[in-house]
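One structure below.
Derivation of every value follows stated rules applied to the coordinates shown; laboratory data play no part. All values reported here derive from a predicted model rather than from experimental measurement. FYI the Cβ positions are ideal-geometry reconstructions off the backbone, even for glycines, and counts take in every protein chain you see.
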Amino acid sequence: MIPYGKQDITDDDIKAVVDTLNSDFITQGPRIDQFEKDITDKVGSKYGVLVNSATSALHISCMALGLGKEDILWTSANSFVASSNCGLYCGAKVSFVDIDLETYNICLKKLEEKLLEAKTKDCLPKILVVVHMCGQSCDMSKIKKLSIEYGFKIIEDASHAVGGKYHDSYVGSCKYSDIAVFSFHPVKIITTAEGGAALTNDEDLYNKMSILRTHGITRDPNMMENEFEGPWYYEQIDLGLNYRMTDIQAALGRSQFKRVDEYVLQRNNLAKKYDSLLSDLPLQIPMIMENIYSSFHLYVILLDLANIAKSKKDIFISLREKGVGVNLHYIPIPMHPFYKKLGFNEKDFPNSLEYYQKAISIPLYPKLSENEQSYVVETLKKVLT
Ligand SMILES: *Cc1c(COP(=O)(O)O)cnc(C)c1O
């Protein structure tokens with residue numbers, strides 16, 4: 001089976017992990033700070049907090065921004081559930097905005113309409129989580145303008161977009177947001193097995209997130225409420241969690257991160273090839289906006305079902321049977337039973353529903369060979385006709 005995504009682990013990666021295992025610190029050691037610095041140096045944000053997953057990063061981002069019971073968080077209706085669960089963890093209400101069927105990102109027109117309506121009803125969101133679907137950044141400068149007009153904070157769920165660019169900056173620079181979140185799950189751009197990061201330019205948010213990662217405990221005398229009593233002394237000053245990344249994971253991440261540009265270039269080259277090979281088929285290929293460099297975490301096609309004699313289900317099953325490991329990203333969040341019980345209905349998000357009915361993620365990862373890519377295309381051609 002050719003999978004839809006796959007990690008690439010080199011001998012150098014393995015050596016970095018083994019070296020860590022042979023060192024004094026396998027967690028809470030020097031590699032965390034080093035990896036944080038590697039990332040912030042590259043993407044251009046001031047601060048970075050590594051954690052054990054993007055889900056944890058989203059959670060502490062919401063906590064640091066002060067999201068609570070009286071507050072509301074909005075995100076895209078088509079994302080992984082972590083993009084909205086983070087709001088529920090804080091006891092806040094969540095709501096969704098439908099997507100744009102060309103970019104698969106949050107629809108800015110619908111966002112603006114929803115904001116206008118929320119303003120009249122006095123239910124504006126405190127936080128908007130924008131999702132850079134498949135690795136293509138949302139139009140951040142427009143979203144930033146709206147955030148100033150309507151007074152909400154912005155978290156970029158950049159789980160897909162590590163190594164991507166918006167205008168002249170890497171995603172993660174936080175030029176247009178309060179916090180940006182990366183994921184290092186194996187299917188994403190680079191991996192630490194499990195892991196994530198929260199990036200920011202705001203010192204206060206950085207301080208809050210660094211202690212929330214580790215029980216709400218500080219060892220920094222400047223942050224303490226009482227007198228620093230001596231070298232043994234630490235204080236819990238907030239209610240945090242244990243969301244720490246290990247040094248073993250950070251070693252793998254540092255080694256992987258050296259290749260991030262190379263990976264993203266390989267993904268873009270493969271994507272361009274798909275663009276041309278698939279151009280005659282009854283389907284929509286990904287549309288990338290001007291001034292955006294997608295990291296191409298995913299290559300999602302939308303089937304033109306009106307011009308295909310088969311159902312999407314049959315197509316999907318045939319592709320899998322023939323060894324093409326297609327997948328779907330994602331089931332609209334409001335469609336999940338848990339969210340239905342909260343009163344949501346996917347019919348309120350018609351573009352996300354249409355996307356769900358037509359979308360297929362086809363294999364894309366740096367080491368996908370020319371033969372494998374041809375096989376994917378040939379199989380797709382056969383199955384569609
Ligand atoms: C993968 C993913 C997450 C969660 O990442 P983890 O590191 O597995 O917690 C969150 N949001 C999006 C959009 C993702 O794709």
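Below is a table of values for the structure above.
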read-out: Cα long-axis angle, helix 140-150 against the chain (0 to 90 degrees, to the nearest 10); value: 60
read-out: Candidates per GluC sites (Glu not before Pro) in the range 195-279, loop by DSSP, up to 10 other Cβ within 10 Å; value: E225, E227
read-out: Percent of alpha-carbon pairs separated by more than 33 Å within the chain; value: 32
read-out: Orientation-averaged projected area, Cα convex hull of the range 74-150 (nm²); value: 5.0
read-out: Computed log₁₀ I(q)/I(0) - Debye formula, equal Cα scatterers, no solvent, the range 244-285, q 0.16, 0.26, 0.33 Å⁻¹; value: -0.58, -0.85, -1.00
read-out: Calculated Rg and Dmax of the range 159-231 using C-alpha coordinates, Å; value: 15.9, 49
read-out: Given K121/K347; K110/K358; K6/K109; K165/K322, the pairs whose alpha carbons are separated by over 26 Å; value: K6/K109; K165/K322
read-out: Nearest-ten-degree value, helix 312-321 long axis tilted from longest Cα axis of the chain; value: 80
read-out: Diffusion constant of the range 45-99 at 20 °C, which comes from Stokes-Einstein with the Kirkwood Cα-pair radius and 1.002 mPa s, µm²/s; value: 183
read-out: Cα-centre dipole for the range 48-134 with unit charges at Cβ (Lys and Arg positive, Asp and Glu negative), debye to 20; value: 200
read-out: Dipole moment magnitude, nearest 20 debye, the range 11-88 about Cα centre, only Lys, Arg, Asp, Glu C-beta charged; value: 300
read-out: Assigned charges on the beta-carbon of Lys, Arg, Asp, Glu; the range 197-337 dipole about Cα centre (debye); value: 1100
read-out: Relative packing of peptides 250-258, 12-20, 330-338 - highest average C-beta neighbours within 10 Å first; value: 250-258, 330-338, 12-20
read-out: Convex hull volume of the range 164-287 per residue (C-alpha atoms, cubic angstrom); value: 155
read-out: Fraction in percent of alpha-carbon pairs per bin - 5 Å, the range 251-385; value: 2, 9, 16, 19, 17, 14, 11, 8, 3, 0, 0
read-out: Rounded to 5, percent antiparallel among DSSP beta bridges of the range 94-195; value: 25
read-out: On Cα atoms only, tilt of 247-257 relative to the major axis of the chain in degrees; value: 50
read-out: DSSP beta bridges in the chain [antiparallel fraction, %, rounded to 5]; value: 60
read-out: Among S183, S53, S147: highest mean-square fluctuation, GNM of the chain, C-alpha pairs under 10 Å; value: S147
read-out: Loop trypsin sites (Lys or Arg not before Pro), the range 94-168 (other Cβ atoms within 10 Å of the site Cβ: 13 or fewer; DSSP); value: K121
read-out: Two-decimal ratio, the range 109-152, of alpha-carbon radius of gyration to 2.2 N^0.38 Å; value: 1.19
read-out: Per DSSP, loop GluC sites (Glu not before Pro) in the range 285-349 with at most 14 further Cβ within 10 Å; value: E290
read-out: Exposure proxy ranking, count of Cβ atoms within 10 Å, fewest first, for L199, L67, L108; value: L108, L67, L199
read-out: Cα coordinate range in the range 1-146, projected on the principal axes (Å, largest first); value: 60, 38, 30
read-out: Projected label distance in nm at W232 and M287, using a 7 Å step from Cα toward the beta-carbon; value: 6.6
